[in-house]
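Just below is one structure, and these are the notes that go with it.
Only the coordinates and a few stated rules stand behind these numbers; no lab work does. Nothing here was measured: the structure is a model prediction, and the numbers come from that model. Please note: Cβ atoms are built from the backbone with ideal geometry, for glycine as well, and neighbour counts cover all protein chains shown.
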């Protein structure tokens, strides 16, 4: 994915908020956690450009390893069970679910090492052929970019629906 991580985190948090019931955490906090979690694996781009000099595919870094995000989600689930009144546990869980969502979306047209660090094998559903220069044109001109635009549209529709329900006094 190229541009859909941020809106996907918004969608994730919005859907979870509908099903969360009465949690001891503010909706705004969960929304922020979902959005940050959905973009967090790409914070490795700072290392990729500033330290590694683009020598290693950034999806090979540990922040793109599914074991990290699933392990974090498991730890947060246990934390939530042990401390059901904690305000941090649900936010941390939503953050980790955002990271998992990021990896799922990256697997659509980008390599993710799903079995790292145990197996050095990338997986992707589809590939984007390197036809154009600069490199990012390959992603924007590929059919999969329509999926990313669809994710943005979905997020916008959720936002507008929530905004309209609040404006009309509906809080459900």
Going through the range 57-80 in order, the residues found to be assigned to a helix (DSSP H, G or I), under 11 Å from residue 112 (Cβ atoms) and out of contact with any helix residue (DSSP H, G or I) (no Cβ under 6 Å at 6 or more places or on another chain) are 59, 60
Going through the range 36-56 in order, the residues found to be buried (at least 17 other Cβ atoms within 10 Å of the Cβ) and over 19 Å from residue 108 (Cβ atoms) are 36, 48
